[in-house]
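J.: This is the structure I have questions about; it appears just below.
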Amino acid sequence: MIDLQSSRLRCDYGHASADVSRDDSTGGLLGSVFFSREEGSRASLGAGIPVARVPMPVLGTEGSSIWEIWRANGSASHGRHGIVQYGYADGILFGAIQLSEGHFSESGGEVPGQTLRTPLYQAAALAYKSAFEAMKELQFPHALRFWNYIADINGYSHGIERYRQFNCGRQEGFLQSEREVTGSVPAASAVGFASGPLTVYFLAARDARPVAIENPRQVSAYLYPTSYGPRSPTFSRAGLVSVGSERVLFVSGTASIVGHQTCHPGDVVAQTRETMANIAAILSETCRVAPDAPFSLADLSYKVYVRDQNDMPQIAAELRRHLGRNAKLLFLKADICRQDLLVEIEATASHALDSPDQTHFPWVPHE
Ligand code: 3EB
């Protein structure tokens, strides 16, 4: 692992817990995410350290599992607030929530006017209410980034697609927490695995308010027409935040969508190219909003969600055409929230404002 003393917020990837727990010298370990093929893993980095266990295989690497570790400077405090496991240090909070839908009753369709109270709807609403409650209680009011992992995301129950149920519950969680649902909303990703608990993890800041960035090539997701579901997805295309002497950019999950419509159904290479055009547009828009912190495609570390693992070599080749051989890419096998989308890509970068070419994501997959 590369040592970056100056970096206030860091994300590292490692293949085994030995790799990642060993080196805690450079900062407080806020929390972790363990991606692996097996559902019901009990992987842990140590007592009290938050872990979101996501049953999603890593592609193109040995072992098919990986740790994602978030750190900040100083020593971290860990705890639990209701259903939220958390860690914080140096003005940054990491929180993780895993909620089995089995805890919620099947009331969908029974209550007049509340036809969307399905278990997934209720789980999503509770997850978001709980996240915002923990942020309030711990005094980290600024939501920076949410990651959402949802079982059977393209499945259908109670007369409505499960991703749409999730969107309704998520928006309800924002509204009940008196959060805006358009405009200044956090960056996010929402993708699927086969089965397992609804998993939401997030970062929030004590005193740094993020700037929400939209993509001029796309309709804002929070303004999608109701043909994509009764309540729009609550996320911005990217969030830019200053943390100490750093600018951190969180690019949301991005797909082959122009306007609000899917482009290139069935053509994974064209979808990858369109997705990169969207990420490039988000970067241009970021530069327009914050000309003093220019980010380039090469600065970003990418998490690539691939629906069919047989498509991975083509996606990787197309990405290396855009990004070069040293591109920082992590591939995960995931279901994407529209049936016709084959790939979704999210990205993160940080710039120390005084030294703009540092690499914060040292992990590069095997070819
Ligand atoms: C899209 O642009 C593709 O529901 O939180 C990307 C990122 C997508 C986040 C979310 C969905 C979400 O609509 C899907």
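J.: Would you please list the contacts, defined by Cβ atoms under 7 Å and residues six or more apart or on different chains, that run from a residue in segment 190-212 that is under 25 Å from Leu240 (Cβ atoms) and acidic (Asp, Glu) to a residue that is part of a loop (DSSP other than H, G, I, E, B) and away from the ligand (no atom under 13 Å from the Cβ)?
T.: If the second residue must be part of a loop (DSSP other than H, G, I, E, B) and away from the ligand (no atom under 13 Å from the Cβ), the pairs left are Asp207/Gly91.
J.: Taking Phe35 and the conditions (1) modelled with pLDDT of 95 or more; (2) over 22 Å from the mean Cα position of the chain (by Cα), which numbered condition does it fall short on, given that it satisfies the others?
T.: Result: Phe35 passes all but (2).
J.: So how many residues does segment 61-77 have that are buried (at least 19 other Cβ atoms within 10 Å of the Cβ) and either assigned to a loop (DSSP other than H, G, I, E, B) or within 17 Å of the chain's Cα centre (by Cα) (or both)?
T.: 8
J.: Scan segment 190-223 for residues that are surrounded by fewer than 18 Cβ atoms within 10 Å (Cβ to Cβ) and within 13 Å of the ligand (Cβ to nearest atom) and jot them down.
T.: Matches in segment 190-223: Arg217, Val219, Leu223.
J.: Do you know which of the residues in segment 320-367 that are buried (at least 21 other Cβ atoms within 10 Å of the Cβ), in a loop (DSSP other than H, G, I, E, B) and among the hydrophobic types (A, V, I, L, M, F, W, C) is modelled with the lowest pLDDT?
T.: Phe361
J.: Within segment 243-265, track down each residue that is more than 10 Å from the ligand (Cβ to nearest atom), touching a residue at least 60 places away in the same chain (Cβ under 8 Å) and either small (Gly, Ala, Ser) or in a strand (DSSP E or B) (or both).
T.: Val243, Gly244, Ser245, Glu246, Arg247, Val248, Leu249, Phe250
J.: Just checking, does segment 322-335 include any residue being within 16 Å of the ligand (Cβ to nearest atom) and small (Gly, Ala, Ser)?
T.: Kept after step one, since they are within 16 Å of the ligand (Cβ to nearest atom), are these residues of segment 322-335: 332, 334-335.
Now restrict to residues that are small (Gly, Ala, Ser): 334.
Yes - at least one qualifying residue is present in segment 322-335.
J.: So Glu178 clears everything in (1) outside any helix (DSSP H, G or I); (2) crowded, with 20+ Cβ neighbours inside 10 Å except one condition, right? Which one?
T.: (2)
J.: Among the residues of segment 136-150, which ones are free of Cβ contacts under 8 Å to residues at least 60 places away in the same chain, away from the ligand (no atom under 12 Å from the Cβ) and either buried (at least 18 other Cβ atoms within 10 Å of the Cβ) or of a type in the set (Phe, Trp, Tyr) (or both)?
T.: Leu138 - this is the single residue of segment 136-150 that is free of Cβ contacts under 8 Å to residues at least 60 places away in the same chain, away from the ligand (no atom under 12 Å from the Cβ) and either buried (at least 18 other Cβ atoms within 10 Å of the Cβ) or of a type in the set (Phe, Trp, Tyr) (or both).
J.: Does Thr262 qualify as being under 27 Å from Val58 (Cβ atoms) and over 18 Å from the mean Cα position of the chain (by Cα)?
T.: Taking the combined requirement at face value, the residue satisfies it.
J.: Just a yes or no: is a residue in segment 151-169 in contact (Cβ under 8 Å) with a residue 40 or more places away in the chain, in a loop (DSSP other than H, G, I, E, B) and under 23 Å from Ser284 (Cα atoms)?
T.: no
J.: I want to confirm something. Restricting to segment 224-241 and keeping residues that are in a strand (DSSP E or B) and hydrophobic (A, V, I, L, M, F, W, C), which single residue is nearest to the ligand (Cβ to nearest atom)?
T.: This residue is Ala238.
J.: Would you confirm, using the coordinates I've provided, whether Arg80 is at pLDDT 95 or above, exposed (fewer than 15 other Cβ atoms within 10 Å of the Cβ) and either among the basic types (Lys, Arg) or under 21 Å from Leu330 (Cα atoms) (or both)? Can you show your working first?
T.: On the way: at pLDDT 95 or above: yes; exposed (fewer than 15 other Cβ atoms within 10 Å of the Cβ): yes; either among the basic types (Lys, Arg) or under 21 Å from Leu330 (Cα atoms) (or both): yes.
The answer is yes for Arg80.
J.: Look at Ile213 and say whether it is closer than 24 Å to Phe35 by Cα, among the β-branched types (Val, Ile, Thr) and at pLDDT 95 or above.
T.: Here the answer is no, as Ile213 does not meet what is asked.
J.: Confirm whether Ile69 is at pLDDT 95 or above and in contact with a helix residue (DSSP H, G or I) (Cβ under 8 Å, 6 or more places away or on another chain).
T.: The answer is yes for Ile69.
J.: Which condition number in (1) without any contact (Cβ under 8 Å) to a residue 60 or more places away in the chain; (2) farther than 26 Å from Ser220 by Cβ is the one that Phe331 fails?
T.: Here Phe331 clears every test but (1).
The values are calculated or read from the model by the stated rules, or taken from the named source; none is laboratory data. Quick caveat: nothing in here was measured; it's all calculated off a predicted structure. With ideal geometry, Cβ positions are generated from the backbone for all residues, glycine too; neighbour counts draw on all protein chains shown.
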